[in-house]
1. Compute the longest continuous run of the chain that contains no exposed trypsin sites (Lys or Arg not before Pro); treat a site as exposed when its DSSP state is not H, G, I, E or B and it has at most 10 other Cβ atoms within 10 Å.
2. For helix 86-96, what angle does its Cα long axis make with the longest principal axis of the chain, in degrees from 0 to 90 and rounded to 10?
3. Mind pulling the angle between the C-alpha long axis of helix 28-37 and the longest principal axis of the chain? Nearest 10 degrees, somewhere in 0 to 90.
4. If you wrap a convex hull around the Cα atoms of segment 8-101, how much volume per residue is inside, in Å³?
5. Which cross-chain or sequence-distant (5 or more) residues have an amide H under 5 Å from the amide H of C43, H modelled 1.01 Å from N in plane?
6. Give me the one-decimal nm value for the distance between modelled label points at R66 and C43, 7 Å along each residue's Cα-to-Cβ direction.
7. Please work out how much length the chain gains when fully extended from V28 to N56, using 0.36 nm per residue of separation minus the C-alpha to C-alpha distance, in nm with one decimal.
8. Calculated FRET efficiency, K13 and L101, Cβ-Cβ r, R0 25 Å, to nearest 0.05?
Amino acid sequence: MENLQAGYKVKTKESIELAEYLQVISDVNRLRILCFLKQGERCVCEIHETLGLPQNLTSHHLKILREAELVIAKREGKWIHYGLNDEKIHYLTELYKKIILGGESGN
C-alpha cells in the first residue's frame with residue numbers, strides 16, 4: 001500500500017498499530033472518556049458520574065484504554081486516578097498523520 005501524495009510506503013506493523021488504535025477510539029464512550037481526561041487526572045467515580053455512565057461500564061472502557069496504553073492508572077491510597085498517556089497519544093497522532101495524511105506534522 002502506498003501513499004501517492006508523499007511516496008510513503010506503509011509498513012505492515014505501523015498499519016496494524018494504527019488500525020488497533022482507531023478501533024479502540026471508535027467507541028463513543030471511550031472517546032468521551034479520553035476527551036474528559038484532557039482536563040486532568042480523574043478517579044473512576046468522577047468519570048462515570050460526569051459522563052453519566054454506569055460504574056462497571058466505565059471500568060470496562062478504562063481497562064481497554066489502559067491495555068491500549070492510551071490511559072495511565074496511578075494508585076493513590078485506595079483510589080486509582082486515570083490520566084492520558086500523552087507520549088502514546090502523540091506517537092499515534094503522528095503515525096496517523098504519516099499514514100493517512102501523507103506526511104509528518106507541519107508538512
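No lab work stands behind these numbers, since they all come straight from the coordinates. Keep in mind it's a predicted model, so treat the numbers as computed, not measured. Glycine gets a Cβ as well: all are built from the backbone with ideal geometry, and neighbour counts include every protein chain shown.
1. Within the chain, the longest run free of exposed trypsin sites (Lys or Arg not before Pro) spans 39-77.
2. For helix 86-96, the angle is close to 30 degrees.
3. Taking the Cα atoms of the chain, the angle to 28-37 is about 80 degrees.
4. Cα-based convex hull of segment 8-101, divided per residue, equals 93 Å³.
5. Y82
6. 1.5
7. The V28-N56 span can extend by a further 8.5 nm.
8. Taking R0 as 25 Å, the efficiency between K13 and L101 is 0.85.
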